[in-house]
Amino acid sequence: MSVQTLERSDSVVAFAPKKGHQDAAMLADDAGHRIIALVQEAADVAKQGCERAMDLAHKLSSQLQAAEARTRELEAEVSHFRGRAERAEDWLANIHSHVEKTFFRPPGEKNESPLPRRGKPTA
């Protein structure tokens, strides 16, 4: 196994001074203040990230609610037009049947209209 040495960077805070150093207390205080400042900075960054996430979640929630409302509207329209299409198909089938019976009946069959005419009573 090899032993790796860590290089000291600007982000490393010196904490333990050598024994007998006259400014040991001051160095400890400075290190403590730097650590607290770094923790506060990390907390601020986390808070900003949380606020952005909450804003985005709120925006997406509003968009989802609007999309759901529009979906309900479109489903109602589909139901309405489906009903109209079914009625139109029924009428087309009825008209087709009437045309078939009126114009394409076998020879010798009575000439009666399969649909009652408006304004005349049926017998």
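Among the residues in region 12-30, are any at pLDDT 95 or above and among the charged types (D, E, K, R)?
The initial filter retains those residues of region 12-30 that are at pLDDT 95 or above, namely none.
No, region 12-30 contains no residue that is at pLDDT 95 or above and among the charged types (D, E, K, R).
Looking at the structure I just gave you, is Ser62 on the phi < 0 side of the Ramachandran plot, under 33 Å from the mean Cα position of the chain (by Cα) and surrounded by 10 or more Cβ atoms within 10 Å (Cβ to Cβ)? Lay out the reasoning, then the answer.
Working: on the phi < 0 side of the Ramachandran plot: yes; under 33 Å from the mean Cα position of the chain (by Cα): yes; surrounded by 10 or more Cβ atoms within 10 Å (Cβ to Cβ): yes.
For Ser62, the condition - on the phi < 0 side of the Ramachandran plot, under 33 Å from the mean Cα position of the chain (by Cα) and surrounded by 10 or more Cβ atoms within 10 Å (Cβ to Cβ) - is met.
Pairs, please: C-beta under 9 Å, at least 6 apart or cross-chain, first residue on the phi < 0 side of the Ramachandran plot and in region 89-106, second surrounded by 10 or more Cβ atoms within 10 Å (Cβ to Cβ) and in a helix (DSSP H, G or I)?
Pairs found: none.
The values are calculated or read from the model by the stated rules, or taken from the named source; none is laboratory data. All figures in this text were calculated on a predicted structure; none of them were measured in a lab. Cβ sites come from the backbone with ideal geometry, for glycine too, and all protein chains shown count toward neighbours.
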